[in-house]
Amino acid sequence: MSKLYMMRHGQTLFNVLKRKQGWCDSPLTELGIEQARRAGEELRERGITFDHAYSSTSERACDTLELVAPGMPYERVKGLKEWNFGKFEGITEDLNIPVPYGDFYVQFGGEDEFEFRDRVFACVKELMDRPNHESVLMVSHGGSCAQFPRAFGEDIVGRFGNRFGNCGIATYEYDGESFTLLDVVNPND
């Protein structure tokens, strides 16, 4: 059995400004940097080490991974990117429609919810199916971290609280065919 540790990036400027950031990017705040460092310390205190690490290609995720696991080589992977909101990228979250979003963003050049979910799930599974992946860290985004388990019928937010916080970590067991959600830790709450 392999373990997957799927983490959301630290707090960003757009998180503070309450702006939608899917494929657009914004830098980590000082708090976001500290959140990532604390998450890394907590993982080390628990004796958790990784044989492989992956990050979304977004700067906020790469910067988080580099703070969580300093000096560890990792691969940047487009499939771990956040939901593409199309023309809604960067606008205020006050303009959000109620969830579920479904195919709402498609008309604005973004992704359909199920296409997004399938993309993230297929990417994670492909990475975990690589040889010698026993303990893997993947740094991604809030939407990605919430949609991934929905692909196999698990509602992370409903089971563990109303949100997946910055630097939240979901732990999964993977048997080569299916994933089992073991725990979610929001170390900065």
Legend entry - Average accessible area per residue (Å²) across the chain - probe 1.4 Å, nucleic acids and ligands excluded: 47
Legend entry - Estimated vicinal HN-Hα couplings, Hz - the range 121-127 in sequence order (Karplus 6.51, -1.76, 1.60; Gly, Pro = x): 4, 4, 5, 4, 4, 4, 5
Inset, instruction - Starting from 0 in steps of 5 Å, tell me what percent of the Cα-Cα pairs of the range 123-183 lands in each bin. - result: 3, 16, 32, 26, 15, 6, 1, 0
Legend entry - Extension reserve of the residue 157-residue 51 stretch, reckoned as 0.36 nm per residue once the Cα distance is removed: 35.4 nm
Legend entry - Carbon plus sulfur fraction of accessible area for the chain, probe 1.4 Å, in percent: 50
Legend entry - the range 52-160 - Rg over Rh from alpha carbon coordinates, Kirkwood radius: 0.99
Inset, instruction - Quote the accessible area belonging to residue 14 in square angstrom, nearest 10, computed with a 1.4 Å probe and with ligands, DNA and RNA left uncounted. - result: 40
Legend entry - Relative contact order of the chain, pairs being alpha-carbon contacts under 8 Å that are 6 or more residues apart, as %: 33
Legend entry - Top of 137, 67, 43 by mean-square fluctuation, Gaussian network on the chain, Cα under 10 Å: 43
Inset, instruction - Go through 108, 85 and list them by solvent-accessible area, largest first, probe radius 1.4 Å. - result: 108, 85
Legend entry - Between the range 2-68 and the range 84-130, the Cα center-to-center distance that results, in Å: 19
Legend entry - D_trans [Stokes-Einstein, Kirkwood Rh over alpha-carbon pairs] for the chain, 10 °C, 1.306 mPa s, µm² s⁻¹: 96
Legend entry - Theoretical ellipticity at 222 nm over the chain - DSSP helices of four or more residues, -39500 (n - 2.57) apiece, nearest 500: -9500 deg cm²/dmol
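The values are calculated or read from the model by the stated rules, or taken from the named source; none is laboratory data. Here the structure is a predicted model, which means the values were calculated and not measured. When the accessible area is computed, the model is the full protein with side chains, heavy atoms only, and any ligands, DNA or RNA have been set aside. Shrake-Rupley method; radii C 1.70, N 1.55, O 1.52, S 1.80 Å.
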